[in-house]
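*Asks:* Dropping a structure here in structure tokens format, bear with me for questions.
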Amino acid sequence: MIDETRLLELAITNLRKVLEFNPYKSYPGINNREEFKQLIARDPAFGTLGLDDERYIIARVDGLIKKDKFNQRIPQAWIDYQGIGFEVRSCYQIGDSKRIQADYDMSLALKSYNILPVMLVFCNTSLRSPLVRLSKSWELYQGMSSFNLVESITGFNLYNFLENNSQILKAEIDNILSNF
């Protein structure tokens, strides 16, 4: 049984890690948030879209379930694999060809070890083109299908958990974004 109180605490703890995010550490000559914001504002792609807003954040999580950890909830069609490699995204809104190629290459690497590549994209507003391409190499789930798969495999209804804790999580996110 999943302790939802503990899960909510973990979610909030991890949300707060965003406050430690250093968006300019990889940019030579950019030493503070204001300089980074100016860099993004001058960027012809990001600046014109208003993405110089400091609240612009991308999150990513990865996971692997080895065959010896499969439970009775794993779909029957997946049982013959040595494992399941998950790429979990809140949304796929970047048409970055290097990112798409890296995801494609990862699926091939997983398959070479007889590990099923499964991509969960939780939003419904992802760019279509990358998902069409990636669906050729990943078992890809999007939107509610992702939430349904999580529930099917774990028995935990993540969507209901998020709905039930929506106000708490929104308040936490608002607080975090207000501190930027």
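*Asks:* Please list 3J(HN,Hα) in residue order for segment 130-141, calculated via the Karplus relation 6.51 cos²θ - 1.76 cosθ + 1.60 where θ = phi - 60°; whole Hz, with x for glycine and proline.
*Replies:* Result, rounded to whole Hz: x, 5, 4, 5, 5, 5, 7, 10, 10, 7, 10, 10.
*Asks:* Can you find, among Y81, S166, N148, the residue farthest towards the positive end of the dipole of segment 58-178? Put +1 on the C-beta of Lys and Arg, -1 on that of Asp and Glu.
*Replies:* Farthest towards the positive pole: Y81.
*Asks:* For segment 152-167, what does the Karplus curve 6.51 cos²θ - 1.76 cosθ + 1.60, with θ = phi - 60°, yield as ³J(HN,Hα) per residue in whole Hz, taken in order and with x for Gly and Pro?
*Replies:* 4, 7, 9, x, 9, 8, 4, 4, 4, 4, 5, 4, 5, 10, 3, 5
*Asks:* When the label point is put 7 Å from the Cα of Q72 along its Cα-to-beta-carbon vector, which residues of segment 127-161 have a backbone N closer than 19 Å?
*Replies:* Hits in segment 127-161 for Q72 at 19 Å: 150-157.
*Asks:* Nearest 5 percent is fine: what portion of the DSSP beta bridges confined to segment 58-178 is antiparallel? Before the final figure, lay out the partial values.
*Replies:* Numbers: 7 of 18 bridges.
Rounded to the nearest five, the antiparallel share is 40 percent.
*Asks:* Please compute the length gained on full extension between I79 and R133, using 0.36 nm multiplied by the number of residues separating them and subtracting their Cα-Cα distance.
*Replies:* Working: separation 54, 0.36 × 54 = 19.44 nm, distance 2.51 nm.
Roughly 16.9 nm would be gained on extension.
*Asks:* Rounded to the nearest whole Å³, what is the per residue volume of the convex hull around the Cα atoms of segment 58-178? Each step should come with its number before you reach the end.
*Replies:* Working: hull volume 13.9 nm³, N = 121.
In segment 58-178, the Cα hull volume divided by residue count equals 115 Å³.
*Asks:* With θ taken as phi - 60° and the coefficients 6.51, -1.76 and 1.60, list the Karplus ³J(HN,Hα) couplings across segment 69-83 in order, rounded to whole Hz; mark glycine and proline as x.
*Replies:* In residue order, the calculated couplings are 9, 4, 10, 5, 8, 5, x, 3, 5, 9, 4, 6, 7, 7, x Hz.
*Asks:* Given labels modelled 7 Å from the Cα in the Cβ direction, how far is it in nm from S166 to S112?
*Replies:* Each label point is offset 7 Å from its Cα along the Cβ direction, giving 4.5 nm.
*Asks:* About the Cα centre of segment 58-178, how large is the charge dipole given +1 on each Lys and Arg Cβ and -1 on each Asp and Glu Cβ? Please answer in debye to the nearest 20. It would help to have the intermediate numbers written out before the result.
*Replies:* Working: 13 positive and 12 negative charges, 62 e Å.
For this selection, approximately 300 debye.
Every number in this text was worked out from the coordinates using simple rules, so none of it is lab data. What you see is a predicted model; the values in this text were computed from it and never measured. Virtual Cβ from ideal backbone geometry, glycine too; neighbours counted across all protein chains shown.
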